[in-house]
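**Q** Have a look at this one.
Taken together, the values in this text are just the output of simple stated rules run on the coordinates, not laboratory data. Bear in mind the structure is a predicted one, so any value in this text is a computation, not a measurement. Here the Cβ is made from the backbone with ideal geometry for all residues, glycine too, and neighbour counts use every protein chain on show.
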Amino acid sequence: MVHLTDISKSYGSQVLFKQARMQILPGTRTGLVGPNGAGKSTIFRLITGEESADEGEISCSKKTVIGHFSQEVGEMAGCSAREEVISASEETVALGEQIRVMEQAMCEPQSDDEMAALLERYGEAQALFEQRGGYDLDSRAETILTGLGIAPKEQLLPVESFSGGWKMRIALAKILTLNPDVLLLDEPTNHLDVESIIWLENWLSTEFKGAVLMTSHDRDFMNRLVSRIIEVADQSVTTYSGNYDFYVQERQLRREQLLASYRRQQDMLAKEEEFIARFAARASHAAQVQSRVKKLEKIERIQIPSEQKVVRFEFQEPVRSGEDVFSFNALSKSWPGVGEGEKTVFSNVSGLVRRQQKIAVVGVNGAGKSTFLKVLAGQTAPSAGTVTSGANVDIGYFSQHAMELLNPEKSVFETVQEVMPQVSIGVVRNLCAAFLFQGDDVDKRVSTLSGGEKSRLVLATLLARPVNVLILDEPTNHLDIQSRQILLETLQNFSGTVLLVSHDRHFLRSLVDRVFEIDHGEMRSYEGDYSYYLEKSAAL
């Protein structure tokens, strides 16, 4: 369907890949992985034709329809959300109009040859219209928007009235409604809650028949959908058969085999070079020396791909808090409404958080999870009820807003050093490295950092302080899989108490031992891990 053959691509002195090969076959589900800056987005742009390769060939049938969802939404204005979604299928809409015109023409008198030619064109147009899903375009747009969390009534609202995160959902719905032959998805689960992610998983698994090539930081999402991984790294493109977990294991196995081959080759090269150096001056061995020199020149040297070093940081043990960390009674929170008085987020919520518990706060989008964390963290006052903190409770609070509070003129190193003024430069550098700021990265200005880098920096500064309670609102947003794994291991080893909101199911399943669910303003407590919560909540 789509074939990239011997592709090379560079930006100035930066070589992304050389002589790379990959293909997208009909109906396949493929994950595209690799470190930031390796060239994943470039692969997408090459396939869509937005960019061209320096060398090599990209082949794709002219009839193949490619849909590309990226993190750049573009302008949306002048129509409803549903109309905006349908607008992406303008060729299908135009084809439907052509069919109606041809149907009218059939009623007009014409020769047998003209009628035969018209019927042939009509049959081809009708088949293509059906293939593109033209007959159920409106209902498909409504179904997809509803699945992504936008109710039918809300779909009729002006698209301008939606926030950036909701516009991302509308942009995703546009591409899904298009029903392309090849679907390119760049982080489709960003800005989605768990319910929408699960719906998208099911829709791609059961409803969508085309091929999928996607990047995703959601490990569960990747594992459930893909049966093949393409890795872009070290100026090459490598294909693995299997899901993401299989790729991680297979990649490690291949690396160990490569290292063993590399060591054997180095041993052989050392012996040959020793022989050459020892007998180079002896005429009696001249032929043997020359033979071995030629042999060495012909050997293809094994190259070991770079591997980002994982640095472990020993965080300072926090002061022990009291056994009861938070006690909240008849807690309620309302926000001022627009034209209809106050809007109640949750009401009459009571509960107790004990020391060292790791609690997930879950619920549908807009249920009040973030507001609940803000109240516990003292970031906003409750409208009614009380929150009592236990003895020696020292809170570290993370939200997306925290990234906006970073000083854009400071470097990564200066930002971390500011919260650890008494420690050595080496300790600061180790903490930076533990959150993947290694080498020259520590000198980057905050203003130049990506969303994921800013998120890692805020988390590093938060964990540098000896707090004993962490309240984390979407800490996994913007983080890639490797960064999420580092944060996960850090929180698993954290001796204090954790309350968090996250849409990453692998993260929650691997960390939490208790779940608070906020639903229609009420809260239910599940005294078990995330898998226990899924089992019990499904039975309700």
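**Q** For Asp136 and Gln23, what is the calculated FRET efficiency with R₀ set at 30 Å and r taken between the beta-carbons, to the nearest 0.05?
**A** 0.45
**Q** How many nm separate the modelled label positions at Ser163 and Asn430, each set 7 Å beyond the Cα in the direction of the Cβ?
**A** It works out to 4.0 nm between the two label points.
**Q** What does the charge add up to near Leu145, with Lys and Arg as +1, Asp and Glu as -1, over the other residues with Cβ less than 13 Å from its Cβ?
**A** After counting each charged neighbour, the total is +1.
**Q** Right, next: Per 0.36 nm of contour for each residue apart, how much would the distance between Lys271 and Leu259 grow if the chain were fully extended, relative to their Cα-Cα spacing?
**A** Roughly 2.5 nm would be gained on extension.
**Q** Continuing with this model, one more query. Rounded to whole Å, give me the distance from the Cα center of the range 47-74 to that of the range 164-202.
**A** Cα centroid of the range 47-74 versus Cα centroid of the range 164-202: 19 Å apart.
**Q** From the backbone phi of the range 69-79, what are the Karplus-calculated ³J(HN,Hα) couplings (6.51 cos²θ - 1.76 cosθ + 1.60, θ = phi - 60°) in whole Hz, Gly and Pro given as x?
**A** Once θ is set to phi - 60°, the couplings for the range 69-79 become 9, 10, 7, 9, 6, x, 6, 9, 6, x, 7 Hz.
**Q** Can you work out ³J(HN,Hα) from phi for every residue in the range 172-185, in order, using Karplus 6.51 cos²θ - 1.76 cosθ + 1.60 and θ = phi - 60°, giving whole Hz and x for Gly and Pro?
**A** 3J(HN,Hα) across the range 172-185, in whole Hz: 5, 4, 4, 5, 5, 5, 4, 6, x, 6, 10, 10, 9, 10.
**Q** Let me ask something additional. What net charge do the residues around Asn392 carry, taking every other residue with its C-beta under 15 Å from that of Asn392, with Lys and Arg at +1 and Asp and Glu at -1?
**A** 0
**Q** With the dipole of the range 246-298 worked out from charges on the C-beta (+1 for Lys and Arg, -1 for Asp and Glu) around the Cα centre, which of Tyr262, Phe279, Gln290 lies farthest toward the positive end?
**A** Gln290
**Q** Also: Once amide H atoms are placed 1.01 Å from N in the peptide plane, what residues at a sequence separation of 5 or more from Val237, or on another chain, have their amide H within under 5 Å of its amide H?
**A** Amide H to amide H, under 5 Å and 5 or more residues apart or across chains, Val237 pairs with Arg21.
**Q** Starting from the coordinates of the alpha-carbon atoms of the chain, obtain the Kirkwood hydrodynamic radius over all distinct pairs and give the value in Å to one decimal.
**A** Here the Kirkwood hydrodynamic radius works out to 27.3 Å.
**Q** May I ask which of Lys40/Lys153; Lys374/Lys410; Lys18/Lys167; Lys153/Lys358; Lys167/Lys358 have a Cα-Cα span longer than 29 Å here?
**A** Lys40/Lys153; Lys18/Lys167; Lys153/Lys358; Lys167/Lys358
**Q** Rg/Rh for the range 246-298 to two decimals, with Rh computed the Kirkwood way over all alpha-carbon pairs.
**A** 1.29
**Q** Report the extension gain between Ser284 and Leu119 in nm, rounded to one decimal, defined as 0.36 nm multiplied by the number of residues separating them, less their alpha carbon distance.
**A** In short, 50.5 nm is gained.
**Q** OK, next. Assuming 0.36 nm per residue, please report the length gained on full extension of the stretch Glu57 to Asp513 beyond their Cα-Cα distance.
**A** 159.0 nm
**Q** Now for a separate question. For Gly34, enumerate residues with amide H under 5 Å from its amide H, sequence gap 5+ or separate chain, H modeled in the peptide plane.
**A** Here the answer is Val232, since their amide H atoms fall under 5 Å of that of Gly34.
**Q** Sort Tyr135, Tyr244, Tyr526 so the one with the fewest other Cβ atoms within 10 Å of its own Cβ comes first.
**A** Fewest to most other Cβ atoms nearby, the residues stand as Tyr135, Tyr526, Tyr244.
**Q** Hey, another quick one. In a Debye calculation with equal point scatterers on the alpha-carbon sites of the range 335-401 and no solvent, what is log10 I(q)/I(0) at q = 0.28 Å⁻¹?
**A** For the range 335-401, the Cα-only Debye profile gives -1.69.
**Q** Let me ask something else about it. Output wanted: per-residue J couplings in Hz (rounded whole) for the range 435-452, from phi through Karplus 6.51 cos²θ - 1.76 cosθ + 1.60, θ = phi - 60°, x for Gly and Pro.
**A** These are the phi-based 3J(HN,Hα) values: 10, 6, 9, 10, x, 6, 4, 5, 8, 5, 6, 4, 4, 9, 6, 6, x, x Hz.
**Q** Between Leu405 and Glu97, what FRET efficiency follows from the Cβ-Cβ distance if R0 is 60 Å, with the result rounded to 0.05?
**A** Given R0 = 60 Å and the Cβ-Cβ separation, E is 0.70.
**Q** Hey, another quick one. Please work out the Cα convex hull volume for the range 250-340 and give it in Å³ per residue.
**A** Cα convex hull per residue, to the nearest whole number: 326 Å³.
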